[in-house]
Amino acid sequence: MELKDKIIVVTGGASGIGREMCRRFAREGAKKVIVADLNGEGAASVAAEIGGFSMAVDVRKESEIVELINTTEAQFGPIDLFCSNAGIGIGKNIDEPDEVWQTIWEVNTMAHVWAARHLVPLMIARGGGYLLNTSSAAGLLNQIGSVTYAVTKHAAVALAEWLSITYGDQGIKVSVLCPQAVNTPLVAGGAGVAGVDGMIEPEVAVEAVVETLREEKFLVLPHPEVAEYMKRKAADYDRWLKGMRRLQSQYIEN
């Protein structure tokens, strides 16, 4: 997929990876970039910078995602690429209150579901489209120190897989972004174990996004080491779990 002349929506576009996506897509010649974020002022600032369009959107609400889709298509035309990028990292242990679980579930997983629920039929009817969902390396491996993050990011990867399997022959292309530590507000308190292979800048992550979209591949891996970790996990699950427990003990000690 080439980004030139495309209509692109990015949620979580006011900061971090989302903001850099918006900037890069504009430089690639996108016809219009729609910057959506809970932080409406931040979204407006990014949109003003790149000549895009902004909307304040709470992705915890399906109705607001529907409004984002409908407004974009009514004002600018069919969405070519929808980047469901908004995400949060709240909660740590299994005993977190249900309210914490529900909040991170809605942002990290259900927002992807709601976007696909309303966009996939539209895209199929007009011959195709592209969904880019942001997950994490935690969605392929796990997240030491945060069960809420690990579970919701695993679910995001599973959803992306299912969408590709189910609709890939009907013109729906799907990619899922799975970085380790990226220098964004999400890791403002420290990258923790996710930084084991170093923290990259958003520009590096988005370069991997652009390359993967051009190749129309499923996995976007800004940290290439993740592919090797996945192989080790699949090759010997029990050995991998033991290794993760050792890594956990080092993480807790530090």
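Quick note: the coordinates plus some simple rules give every number you see, no bench work behind them. Here the structure is a predicted model, which is why all the values come from computation and not from measurement. Positions of Cβ are backbone-derived with ideal geometry, glycine not excepted, and every protein chain shown enters the neighbour counts.
Below is a table of values for the structure above.
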quantity	calculated
Complete set of residues in the stretch 4-19 that are touching a residue at least 40 places away in the same chain (Cβ under 8 Å) and surrounded by fewer than 24 Cβ atoms within 10 Å (Cβ to Cβ)	LYS6, ILE7, SER15, GLY16
Pair list, Cβ < 7 Å and 6+ apart or interchain, from the stretch 143-172 residues that are without any contact (Cβ under 8 Å) to a residue 40 or more places away in the chain and under 27 Å from ARG245 (Cβ atoms) to residues that are of a type outside the set (Val, Ile, Thr) and part of a helix (DSSP H, G or I)	ALA150/ALA138; HIS154/GLY139; VAL157/GLY139
Number of positions in the stretch 69-100 that are touching a helix residue (DSSP H, G or I) at 6+ places or on another chain (Cβ under 6 Å) and part of a helix (DSSP H, G or I)	1
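Okay, residues lined up against (1) under 23 Å from GLY91 (Cβ atoms); (2) touching a helix residue (DSSP H, G or I) at 6+ places or on another chain (Cβ under 8 Å); (3) surrounded by fewer than 17 Cβ atoms within 10 Å (Cβ to Cβ):
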residue	(1), (2), (3)
THR148	yes, yes, no
SER175	no, yes, no
VAL226	yes, yes, no
LYS242	no, no, yes
ARG246	no, no, yes
